[in-house]
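Below you'll find the structure, written out as structure tokens, and then a few comments.
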Amino acid sequence: MTISAEQENRVRQTFGISVEDYMLPAHEQIQMVDPQGRRAEPGVRQAGHEYPVPDDAALLEAYAQLVIGRRFNDQNSALVRQGRMAVYPSSHGQEACQVAAALCLDDGDWLFPTYRDAVAVMSRGVDPVEAMTLFRGDWHGGYDPMAYRVGIQCTPLTTQLLHAVGVAHAAKLRGENTVVMALCGDGATSEGDFHEALNFAAVFQLPVIFFVQNNKYAISVPLAQQSVAPSLAHKAVGYGMAGEHVDGNDVVALLAVLKRAVALAKSGSGPLLVEANTYRIQSHTNADDATRYRQDSEVAEWLAKDPLTRMQAFLRSEGLLDDDADAEIAARAEAIATRLRDGMNAEPEVDPQDLFRFLYTEPNPQLDEQSAQLAEELRREGSAS
């Protein structure tokens, strides 16, 4: 491993440890709130892996987004059953990862989501109907990536990591203080694009956080058949970057770990890899039958670790949440679900000429000819009726 003197000095000044120790994840995953909603017992103190609890305002907003995200997930699943969307890859049970990823970023930072990260997209400020436009089969992604600094949700596995690295490289060349959050799942770590993205980011010391949501299955393939590494976070050291693993159902720990990762990336420490241990409660999509490859007892075990009820119990025990505040948050969530339901039930106005209008920046003769042919056919159909 090639380590520069600058890297060595920065790590020793910041954490008082060697670069090698800095790159390795903590001996145990970072957890601040246990599944019952209690403050987790502190493990062995380990230099370089100490995280402060976020402030009360951040905790309450994270809980609100958890409630909204869960209602959003459930409403989308209902819309699929009603035929208003073709498919929906639910993140039910993974909402803490999505919320924390969005909330830890500054306005000028970028988020690159996967197809399962609609909650993160919405938590970044995208309108819920715009966030779901892609899943109703429209020809466009639904929202302007530049306006929200959120990449379009990628269905091809892992390609968003390359997009994220490209944006981070451009930002560094321009001298911009921009961090890029690149989301992926455990299955993505088996792809060549994962290697290419991490290696490029490390070589050029780019401000990218590779956030792996380890939900235990790449569709139907369990993690044990994908990797035998001690953890996915351990893969970071092979690229010369720091890795950390965190309880992916503990939004308090997620906020703490990701917020520090953002700060480190902004300070010039280069890329980081964060693995969140979570679980996909529902099937891969509505077209999947998860009972064919996992047991109900396994799902029940993870239901007991639900991030929403865990955070609710924690905030109540800390005196930060009461019935009135909870009801107000639930009302916010229901208003968003209503907005989503109404928007997805409205029939979109379709202009066939959009097939040609947005294909190229400037039209070519072949497209002009096809566009005119379509216009004439539509005119004749209109006259006949």
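Okay, here's what the table says:
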{"read-out": "Additional length obtainable on full extension of the chain from residue 324 to residue 45, 0.36 nm per residue less Cα span", "value": "96.6 nm"}
{"read-out": "In the range 179-288, the GluC sites (Glu not before Pro) that fall in loop regions by DSSP, at most 12 other Cβ within 10 Å", "value": "none"}
{"read-out": "Charge-dipole axis of the chain as Lys and Arg at +1 and Asp and Glu at -1 on Cβ define it, positive-most pick from 291, 206, 238", "value": "238"}
{"read-out": "Additional length obtainable on full extension of the chain from residue 13 to residue 107, 0.36 nm per residue less Cα span", "value": "31.0 nm"}
{"read-out": "Net +/- balance of residues flanking residue 172 in space, Cβ distance below 15 Å, scoring K and R +1, D and E -1", "value": "0"}
{"read-out": "Inter-probe distance in nm under a simple model that places probes 7 Å from Cα toward Cβ, at residue 220 and residue 357", "value": "4.3 nm"}
{"read-out": "Probe 1.4 Å - accessible area at residue 15, Å² to nearest ten", "value": "40 Å²"}
{"read-out": "Cβ-based net charge around residue 333, under 9 Å, with every Lys or Arg adding one and every Asp or Glu removing one", "value": "+2"}
{"read-out": "Theoretical gain in end-to-end length, residue 293 to residue 378 [0.36 nm per residue, Cα-Cα removed]", "value": "25.7 nm"}
{"read-out": "Dipole of the chain [Lys/Arg +1, Asp/Glu -1 at C-beta], most positive-end residue of 325, 227, 373", "value": "227"}
{"read-out": "GluC sites (Glu not before Pro) within the range 281-385: DSSP coil, no more than 10 neighbouring Cβ in 10 Å", "value": "349"}
{"read-out": "Computed Kirkwood radius, in angstrom, where 1/r is averaged over Cα pairs of the range 158-297", "value": "15.6 Å"}
{"read-out": "Estimated dipole of the chain in Debye, rounded to 20 [Cβ of Lys and Arg +1, of Asp and Glu -1, Cα centre]", "value": "600 debye"}
{"read-out": "Dipole in debye (nearest 20) - the range 47-109, about Cα centre, beta carbon charges: Lys, Arg +1; Asp, Glu -1", "value": "680 debye"}
{"read-out": "Shape call, the range 114-165: gyration tensor on alpha carbons, a/c limit 1.5", "value": "oblate"}
{"read-out": "Theoretical ellipticity at 222 nm over the chain - DSSP helices of four or more residues, -39500 (n - 2.57) apiece, nearest 500", "value": "-14000 deg cm²/dmol"}
{"read-out": "Charge sum, other residues only, whose C-beta stays under 11 Å from residue 78's C-beta, Lys/Arg counted +1 and Asp/Glu -1", "value": "+3"}
{"read-out": "Unit charges on C-beta of K, R, D, E only; dipole of the range 67-180, Debye", "value": "280 debye"}
{"read-out": "The range 67-130 and the range 307-379: distance between their alpha carbon centers, rounded to Å", "value": "11 Å"}
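The values are calculated or read from the model by the stated rules, or taken from the named source; none is laboratory data. Since we're looking at a predicted model, the values are computed, not measured. Methodologically, a virtual Cβ is constructed for each residue, glycine included, from the backbone with ideal geometry; neighbour enumeration extends over all protein chains shown. Accessible surface is based on the protein model in full, side chains and every heavy atom, while ligands, DNA and RNA are left aside. Shrake-Rupley method; radii C 1.70, N 1.55, O 1.52, S 1.80 Å.
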